[in-house]
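Written out below as structure tokens is the structure these notes cover.
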Amino acid sequence: MMIAPSILSADFANLAHDVKLVEEAGAGYIHIDAMDGQFVDNLTFGPNVVKALRPHTKLPLDCHLMVENPEKLIPAFAKAGADIISIHVEATKHIHGALQMIKQENVSAGVVINPGTPVSAIEPILSEVDLVLVMTVNPGFGGQSFIESTVAKIETLNQLRKDKNYHYLIEVDGGITDETIGQCSKAGADVFVAGSYVYGAKDIKKAIQSLKDAAQHE
């Protein structure tokens, strides 16, 4: 069970400092939301930010590409130091080929589904991925409310993992707090992206620990 603070909610003027803060506070990944202003309306981080942060943390850099045609950016994010690159099934016509591109860069490959996308859309490629990211809000902006109906997808993915002996991690992103993390954990999620809950807290270490406690006590 890992907490992956999203730097989308960090202080953009002090990203290195804020990354070190969560690493020291017990985070497992650093989650980096890359948005292109096309696939989603927001515009955020590119490979240059990944490259700049790489020397400042030993934690895996978990890069979530909310971009159209992610194939165009995969090599740059890999070269910049990404440890995990996750791409949306909704954003590419050739999801299998795009995942192969990530693997060829010796980076862990993840596939992402939006709240309106069924698990069946990614079933054919589940054997190819290291991680499945279930969006528990609609992508684009932080601070949104958790969508309860997405929990069923986590349950389905967990059951498929058991039935087929797959080895992917299940990650959830959106509206994760000490009140929502428990049901995701119980459903089978392994990695929990939390932005505003962590970076908006007065005590970041206590916030991360409270998420871990809530996940384990469900």
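Report Rg(Cα)/(2.2 N^0.38 Å) for region 62-121, keeping two decimals. All intermediate terms of the calculation are to be shown ahead of the outcome.
Details: Rg = 10.8 Å, N = 60, 2.2 N^0.38 = 10.4 Å.
So the Cα radius of gyration is 1.03 times the expected 2.2 N^0.38 Å.
At q = 0.26, 0.34, 0.35 Å⁻¹, what log₁₀ I(q)/I(0) does a Debye calculation on the Cα points of region 110-150 give, no solvent, two decimals?
Those come out to -0.91, -1.22, -1.25, one per q.
For each of His56, His64, count neighbouring Cβ atoms within 10 Å of the residue's Cβ, then give the residues from fewest to most.
With the fewest neighbours first, His56, His64 line up as His56, His64.
For the chain, restrict the atom set to alpha-carbon positions and state the Rg and Dmax in Å.
Cα only, the chain: 15.8, 46 Å (Rg, Dmax).
Could you work out how far apart the two model spin labels at Tyr166 and His56 are, taking each label as a point 7 Å from the Cα in the direction of the beta carbon, and quote it in nm?
3.5
What is the Cα centroid distance between region 124-166 and region 23-52, reported in whole angstrom?
For region 124-166 versus region 23-52, the Cα centre distance is 19 Å.
Most exposed first by the Cβ proxy, i.e. fewest other Cβ within 10 Å, how do Asp130, Asp33, Asp62, Asp163 rank? Don't skip to the end; give the middle numbers.
On the way: Asp130 18, Asp33 24, Asp62 28, Asp163 8.
Sorted ascending by nearby Cβ count, the order is Asp163, Asp130, Asp33, Asp62.
For the chain, modelled as a GNM with alpha-carbon contacts under 10 angstrom, which of Ala82, Ala16, Ala52 fluctuates the most?
The residue with the greatest mean-square fluctuation here is Ala52.
Evaluate the distance, in nm, between pseudo-label points positioned 7 Å from the Cα of Lys205 and of Lys20 along their respective Cα→Cβ axes.
With each label placed 7 Å out from Cα toward Cβ, I get 1.5 nm.
With +1 on each Lys and Arg Cβ and -1 on each Asp and Glu Cβ, how big is the dipole of the chain about its Cα centre, in debye rounded to the nearest 20? Don't skip to the answer; put the middle values down first.
Details: 17 positive and 27 negative charges, 88 e Å.
The dipole magnitude comes to about 420 debye.
Restricting everything to alpha-carbon atoms, can you work out Rg to Rh for region 21-76 with a Kirkwood hydrodynamic radius?
1.01
Going by how many other beta carbons lie within 10 Å of each one, how would you line up Thr136, Thr180, Thr92, Thr117, fewest first?
Thr117, Thr92, Thr180, Thr136
Computed from the coordinates by the stated procedures, all read-outs in this text should not be read as laboratory data. Keep in mind it's a predicted model, so treat the numbers as computed, not measured. As a convention, Cβ positions derive from the backbone with ideal geometry for all residues, glycine included, and neighbour counts pool all protein chains shown.
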